[in-house]
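First comes the structure, then the notes that go with it.
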Amino acid sequence: SWLRADSNVTFSIPTKKVSAVGDGSGNANGVAQTNKDLQPLRYTYGGGALDKTQFTFFTDPDYSVLVSDNNFVTSVNNDFSIFEVSKINAVSNYVFGYYNLEDDSSIEMGTNAAGNYSVSVSDGTTALLLRTETVDKGKYHIGALRKKDNRIYLNYYDSLNASSINSANADFQSATSYSEEKFRIGCTQRTDGLLPPTAINTRYLDGDFQEVIIYDRLLTEAETAKVVDYLNKKYRIY
């Protein structure tokens, strides 16, 4: 999936509210939001990252979220690569989220409670976690999460900082599939803890979103560098 704030967007000119974003990859997996109260706003400027076309997401009292047209898709080995460009203004906010209520598996990209950029992939029992060492809320950035078997990789770039780290856990169940539910831009989901449980939106994004690119396999280091270079040249992050 390839989603861009500056291309293939359906929005209201008077209100700026975004109802759909088409998939530029040709795989027909865009995102949409039919509830006007939950639609982000589209702004267009000219110049670098601070001025590029973007979707602005709001938290309380006006939540915003875009939901994929189809389920999240991974390779036959359940591997994937996700790249995103955004600015996250607050702690505990997620720009990308996937959650499957049936097995409690999840994929999350955003800020943790301390404001570090954080990514996680969970099989429902064991989570693979990585975070930067800097407080990153309020910064335009490029974030990349890649998964291979029981290992994840985080590449993060903003105007002052860069991180390239990875982590593995032998207890992580590599056979966990992430193709059972839709992904979300602007929040993640968790169980409400009730019986029977229901998946509810949470950790809404307060910030700006420019682009996300999703591959259904692990990209190599060289391929990752090419995607990051494209995004940096376009948005002038660093």
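A 1.4 Å probe run over the protein chains yields, for the chain, 44 Å² of accessible area per residue, whole-number rounding. Test of understanding: in a Gaussian network model of the chain with alpha carbons linked when under 10 Å, which of I107, I13, I142 would top the mean-square fluctuation ranking? Between I107, I13, I142, it is I13 that shows the largest mean-square fluctuation.
Within a straight-line Cα-Cα reach of under 12 Å, K137 can be paired with the following aspartates and glutamates, leaving aside sequence neighbours fewer than 8 residues apart in one chain: D158, D206, D208.
Residue by residue, segment 155-161 carries 3J(HN,Hα) couplings of 10, 9, 9, 9, 5, 10, 10 Hz when phi is fed to the Karplus relation 6.51 cos²θ - 1.76 cosθ + 1.60 (θ = phi - 60°); x denotes Gly or Pro.
Rounded, prolate or oblate: pick one for the chain, where a ≥ b ≥ c are the square roots of the eigenvalues of its C-alpha gyration tensor, a/c under 1.5 means rounded, and failing that, prolate if a/b is larger than b/c, else oblate.
Numbers: a/c = 1.44, a/b = 1.16, b/c = 1.25.
Here the chain falls in the rounded category.
Calculated mean residue ellipticity, 222 nm, the chain: -2000 deg cm²/dmol, from DSSP H runs (n ≥ 4) at -39500 (n - 2.57) each, averaged per residue and rounded to 500. Here the accessible area of the chain is 49 percent carbon and sulfur, with a 1.4 angstrom probe and all protein chains present. Measuring between their Cα centroids, segment 72-147 and segment 177-233 lie 6 Å from each other. Largest accessible area first, the listed residues Y238, Y43 line up as Y238, Y43 when surface is computed with a 1.4 Å probe on the assembled protein chains.
For the chain, give the magnitude of the charge dipole about the Cα centre (Cβ charges: +1 Lys/Arg, -1 Asp/Glu; no others), in debye to the nearest 20. Mind showing how you got there, number by number?
Working: 23 positive and 29 negative charges, 157 e Å.
Dipole magnitude for the chain comes out near 760 debye.
Straight Cα distances below 18 angstrom link K52 to the lysines K16, K17, K87, K139, K233, K234, with same-chain residues fewer than 8 positions distant left out.
The values are calculated or read from the model by the stated rules, or taken from the named source; none is laboratory data. From a predicted model like this one, the values you see are computed outputs, not experimental measurements. For neighbour counting, all protein chains shown are included, and Cβ atoms are generated from backbone atoms with ideal geometry for every residue, glycine included. Side chains are part of the model used for accessible areas, which takes the heavy atoms of the whole protein and leaves out ligands, DNA and RNA. Shrake-Rupley method; radii C 1.70, N 1.55, O 1.52, S 1.80 Å.
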